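Enquirer: Please read through the structure below; I'll follow up with questions.
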Amino acid sequence: MPTNTKNTLDESTPALDVNSANGSVHDAARKAERMIQDGIEILRSHSRVYVDAAGQQFDSAQRYVSERVKERPMTATMAGVGVGLLLGLLLAGGRSRRSH
């Protein structure tokens, strides 16, 4: 009879180890998921600060440009035409190189 008891324990021990390992993996997965969610939430809160700051900077730049255009509309127009011309030349130059 002692042999049967030993065989029963030996057969059940691997099952307990597998269940224990599955539980450990499941717990580790839950902890990792929580850590990732916490990291994402921290990233969101930090990005809100940067988005707000960038929005304020953009508003300031827009006001500055608007004021300068109102002060000197002809200079602003010529600068815009010059920038457009340069961009057009750069883009057209890139196309002519690709076609050859």
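Enquirer: Excluding residue 38 itself, calculate the net charge of residues whose Cβ lies under 13 Å from the Cβ of residue 38, where each Lys or Arg counts +1 and each Asp or Glu counts -1.
Expert: It works out to a net charge of +2.
Enquirer: I've got another one for you. Could you work out how far apart the two model spin labels at residue 17 and residue 61 are, taking each label as a point 7 Å from the Cα in the direction of the beta carbon, and quote it in nm?
Expert: 6.3
Just so you know, all these numbers are worked out from the coordinates, no wet-lab data involved. Since we're looking at a predicted model, the values are computed, not measured. Every residue, glycine among them, receives a Cβ derived from its backbone with ideal geometry; neighbour counts consider all protein chains shown.
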